[in-house]
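Structure, as structure tokens:
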Amino acid sequence: MLAYALLSLALALSDLAATAVKPPLTGAQRHVATPPAQPLSFNEFFEASPRELKPTQKLLGLNGKRVKMLGFMANLENAPSGAFYLAPRPVICDEAGGGTADLPPESVRVIVRSAQGKKIQFIPRLLEVTGILEVGNRVEDDGQVSAIRLVLDQTKGKRIPTKTK
């Protein structure tokens, strides 16, 4: 929880707070040649510091750009609708009272537009995700605050498994 609070403070104090997050592409814009995704690793998120989590220039520079990441879907007791958290290692979280406090601070909220309003089924293996990176605090529909997000590219011919009620 403390690490997440420090990340929030670092992002709020950075120049990023004054910049706008780019909106998602419209249908016509998506049909234009898609730029290649820049690889981004979890260890490239923060600069080493004994007192705070400070975003790296690479992370800030990729805000609004298409990136590719490898990680593990966090297994959450109360998973968000239409999204999941990608973590650098396998994680199981019991959010009883702590929300997402047990997630590693470099976890990324992956937004799956095609699954809006639906719970995404847990996938217990290494995943590669590609989409537009968004950096900066944002209150989500479920009330959680996310600092780093990836809006997943449209999945052509691939179905994201969702939970049935």
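The values are calculated or read from the model by the stated rules, or taken from the named source; none is laboratory data. If you're wondering where the values come from, they're calculated on a predicted model, not measured in any experiment. Because the Cβ atoms are built from the backbone with ideal geometry, glycine has one as well, and the counts that use them run over all protein chains shown.
Any idea which residue in segment 137-156 is surrounded by the most Cβ atoms within 10 Å (Cβ to Cβ), counting only those that are among the charged types (D, E, K, R) and assigned to a strand (DSSP E or B)? I'd like the intermediate steps shown before the answer.
Of the residues in segment 137-156, the ones among the charged types (D, E, K, R) are 138, 140-142, 149, 153, 156.
Of the ones still in play, those that are also assigned to a strand (DSSP E or B) are 138, 149.
Details: Arg138: 14, Arg149: 20.
It comes out as Arg149.
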Which of the residues belonging to segment 59-82 are at pLDDT below 95, in contact with a Lys or Arg (Cβ under 7 Å, 6 or more places away or on another chain) and in a strand (DSSP E or B)?
Ser81
Could you check Asn43 against (1) surrounded by fewer than 14 Cβ atoms within 10 Å (Cβ to Cβ); (2) in a loop (DSSP other than H, G, I, E, B) and say which number it fails?
(2)
